1. Leu82 fails exactly one of the following numbered conditions: (1) touching a Lys or Arg at 6+ places or on another chain (Cβ under 9 Å); (2) open to solvent by less than 20 Å² (accessible area, probe 1.4 Å); (3) modelled with pLDDT of 95 or more. What is the number of that condition?
2. Does any residue in the range 65-82 that is in contact (Cβ under 8 Å) with a residue 60 or more places away in the chain come within less than 6 Å, Cβ to Cβ, of a residue that is among the aromatic types (Phe, Trp, Tyr) and open to solvent by 10 Å² or more (accessible area, probe 1.4 Å) six or more places away or on a different chain, and which pairs are these?
3. Here's a check for you: in the range 85-112, which residue that is open to solvent by 20 Å² or more (accessible area, probe 1.4 Å) and among the hydroxyl-bearing types (Ser, Thr, Tyr) is nearest to Ser129 (Cα to Cα)?
4. Every residue in the range 86-100 that is in contact (Cβ under 8 Å) with a residue 60 or more places away in the chain, in contact with a strand residue (DSSP E or B) (Cβ under 7 Å, 6 or more places away or on another chain) and not in a loop (DSSP other than H, G, I, E, B), please.
5. If I go through the range 50-68 residue by residue, how many of them are open to solvent by 40 Å² or more (accessible area, probe 1.4 Å) and either among the β-branched types (Val, Ile, Thr) or in contact with a strand residue (DSSP E or B) (Cβ under 7 Å, 6 or more places away or on another chain) (or both)?
Amino acid sequence: MSAQIRLVEVTDANRDAVIAVHVHPAQERFVASVEKSFQHARENPEAKPWFRAAYDGDTPVGFVMLSWNLVPRPGLRGPYFLWRLLVDAGQQGRGYGTAILTEVVALLREAGATELYTSCVPGEGSPESFYRAFGFEPTGEVDDDGELILLLDLGSRP
């Protein structure tokens, strides 16, 4: 199945439905909730947070948040950093994660971006294998929280 998604701005009208998107409990140590993501965005405006709900039809199935076109400095990688990507527990295994990331990459390329950073907690159940299968490569760096830094060359994937 080829998942079809659209990225939708989060508004007062859909905020509660988007907050209801949750990963499997076993994945919670690897990815913060949508609600925590909103909190991080409010607390870190200098990171230039950009976030969208991922919808299939009228149903929110995921969430994505990036630092969008920031000036990199200590503690802030960029200019584009995939800060959060999650797919609802009941929607996983349907290709939504790949579809969301593919849509994000298309938007970044339109914006002139040439690379996208992300990070992940290593360990059993980590999203590292998902990111690597998509084309992200380890930079060899580890951030202050012990997360592996990965980089996607936006010129290398169709």
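The values are calculated or read from the model by the stated rules, or taken from the named source; none is laboratory data. Treat the numbers as computed from the prediction; the structure is a model and nothing was measured. Because the Cβ atoms are built from the backbone with ideal geometry, glycine has one as well, and the counts that use them run over all protein chains shown. Keep in mind that these areas ignore ligands, DNA and RNA; they rest on the heavy atoms of the full protein, side chains included. Shrake-Rupley method; radii C 1.70, N 1.55, O 1.52, S 1.80 Å.
1. All conditions are met except number (1).
2. What qualifies is Arg77/Tyr117.
3. Thr98
4. Result: Leu86, Val87, Tyr96, Ile100.
5. Here is the first cut: in the range 50-68, the ones open to solvent by 40 Å² or more (accessible area, probe 1.4 Å) are 50-52, 56-59, 68.
Next cut, either among the β-branched types (Val, Ile, Thr) or in contact with a strand residue (DSSP E or B) (Cβ under 7 Å, 6 or more places away or on another chain) (or both) only: 50-52, 59, 68.
Qualifying residue count, the range 50-68: 5.
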